[in-house]
Amino acid sequence: MLKLWNQEAVDWRLALRTEMEGAGSRLSVEADGKTATLWVGLGDAETVTAETVRRAAAKGIKTLKGLGAKTVVLDPAAAQTLLHQEGIDAMAQGAALALYRPRSWKTEEQTDMTLYMESALPSEESNSLTEAICLARDLVNCPANHLVPADLARTMTETARTYGVETEIISAEQARALGMEAFLTVGDSAGHAPCLIVLRYRGGAPDQAPIGLVGKGVTCDTGGYCLKPASSMKGIKGDMAGAAAVFGALLALARNKVPVNATVVIPSVENRIAPDSFIPGDVIGSMSGKTIEIGNTDAEGRLILADAITYALRKEGVGRVLDIATLTGAVVGMFGFTTAGFLCNDEAYCTDFMEAAAVSGEQYWRLPAFDEYRKMIESPVADVSNVSNDGCGTITAGLFLEAFTESHPWLHIDIAGTAWVDSPKWEYQTNGATGAAVTTLYHLCKAMAKEA
Ligand code: BES
Ligand code: ZN
Ligand code: ZN
């Protein structure tokens, strides 16, 4: 992590300044005989936001890494003048995220750059968010053979407990007793047993209903009998980015003692092929009592999320519900890798969410929920079908989940495009997992604490 600079010799100093045009794009080098300084432009002072600073710092640090710098001191003066503590935080976060490296199984060790900050340090809140993003990236980048549902459960509960979060792991047997047939239909497809991970953070008033944060935790998604083509299999270990997002956000809430109640529920499974795995045409039940016709075994996320939502409502007594998932390829076609789509049935909730996104700097776009879309998931033989008969894959996947929300305020986020990048879309990203939604979910819950 970042340390305060003690004036010892460093390879480079990284500084930002507004008078240079083109945020993050202009670079110049200046040397005074002792230390060389890399200047990165922030563009017009009027337009500088935390996101501008994050990108500029990341751009600078990646440039210095390319030049072989081993020790760098960050000069936050310009960012501090413009944005105060928020500017210092953004500079530190941009640099740290740009330097993120996933765990490596290379036999040769790699060394990290040492980062110092001149004169001022980022806040504890900012540090905890940076760490939460990196933790989410670690989980998503982890190979599926090193992170089966039981591993995910162990890692999450061990870490969460150190911050005073109450944890519970619901086994496949317990889930069977609860009638979680949709969850188990997918989970039973694999040799590694499924589990439901429950994390309860209680920072708010005892009588305040917690927000339910439900994250898709598919540790690998082969598609099942509707097997994915080889070309679509590369990122299948990352199908638990929704789980990583809610986990990261909850840890940050706990570390910052935010006065809110939040309950994370993660259905974790592998979607694989076994002799008796589910197949298209099957009709299954669910914890809610509703029946589901299977149209495609690759639409597994909504099946496990449906039961997790019912569990959150009926067993955890949550008020607002939020579910987040790498749910559909269609959202990538629609918004690419920079923007996540969402659905919401409550205007105040939607406003809170968009305000949280404005603070985090992440991009989200609301999708319509017209009745015609609900018709697309009607089934001739069951209460609902797990695929649409007429396209609109992202909306219909969301509306499938809406059928299980029992009229609670509900928000559904599809991060299939934003959770993973093969090349960075912004400089503070690195190839692979992005840590999408961690900061937005944190700020959403924090804003709810203020309202309560
Ligand atoms: N996990 C995938 C969605 C996905 C696609 C995530 C690309 C990340 C990148 C999901 O389980 C899936 O396979 N969805 C299908 C649904 C379809 C069969 C209705 C899809 O989007 O193709
Ligand atoms: Zn799938
Ligand atoms: Zn999936």
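Give the ranking of 388, 423 by solvent-accessible surface, highest area first, calculated with a 1.4 Å probe.
Descending accessible area places them as 423, 388.
Over the chain, what is the relative contact order in percent, taking alpha-carbon pairs closer than 8 angstrom and at least six residues apart?
Normalised by residue count, the contact order of the chain is 16 percent.
Can you pull out the chymotrypsin sites (Phe, Trp or Tyr not before Pro) in the range 330-388 whose DSSP state is coil and whose Cβ has at most 14 other Cβ atoms within 10 Å?
Of the chymotrypsin sites (Phe, Trp or Tyr not before Pro), the ones in loops of the range 330-388 whose Cβ has at most 14 other Cβ atoms within 10 Å are 370.
Under the rule of at least 5 residues apart or a separate chain, name every residue whose amide H is placed under 5 Å from the amide H of residue 410.
Correct list: 321, 345, 346.
Heavy atoms only, 1.4 Å probe, whole protein assembly: order 17, 54, 101, 314 by accessible area, highest first.
Largest accessible area first, the residues go 314, 101, 17, 54.
If the rule is a partner Cβ under 4.7 Å, which cysteines in the chain fail it?
If one checks each Cβ against the other cysteines of the chain, 134, 142, 195, 220, 226, 392, 445 turn up with nothing under 4.7 Å.
Based on alpha-carbon centroids, what's the gap between the range 313-334 and the range 234-260 in Å, whole number please?
13
Give the percent of DSSP beta bridges with both residues in the chain that are antiparallel, rounded to the nearest 5.
40
Within the accessible area of the range 171-263, what % is carbon and sulfur when the probe is 1.4 Å and the other protein chains stay in place?
56
Give the dimensionless ratio obtained when the Cα radius of gyration of the range 308-397 is divided by 2.2 N^0.38 Å.
1.21
Accessible area per residue, 1.4 Å probe, Å², for the chain: what's the number?
On a per-residue basis, 40 Å².
What figure, in Å² to the nearest 10, do you get for the accessible area of residue 395 with a 1.4 Å probe and non-protein molecules left out?
About 20 Å², ignoring ligands and nucleic acids.
Above 39 Å lies some portion of the pair distances; for the chain, what is it as a whole percent of all C-alpha pairs?
That tail contains 22 percent of the Cα-Cα pairs.
Tell me the accessible surface of residue 233 in square angstrom (1.4 angstrom probe, heavy atoms of protein chains only), to the nearest ten.
Only protein atoms counted, so the area is about 60 Å².
Compute the helix-to-body angle for 393-402: its Cα long axis versus the longest principal axis of the chain, expressed 0 to 90° and rounded to tens.
Once rounded, one gets 70 degrees.
Around residue 119, under 13 Å between beta carbons, what's the net of Lys plus Arg minus Asp minus Glu among the other residues?
0
The values are calculated or read from the model by the stated rules, or taken from the named source; none is laboratory data. Everything quoted here is computed from the prediction, not taken from an experiment. We place every Cβ from the backbone using ideal geometry, glycine too, and count neighbours over all the protein chains shown. Just the protein is used for accessible areas: all its heavy atoms, side chains included, with ligands, DNA and RNA removed. Shrake-Rupley method; radii C 1.70, N 1.55, O 1.52, S 1.80 Å.
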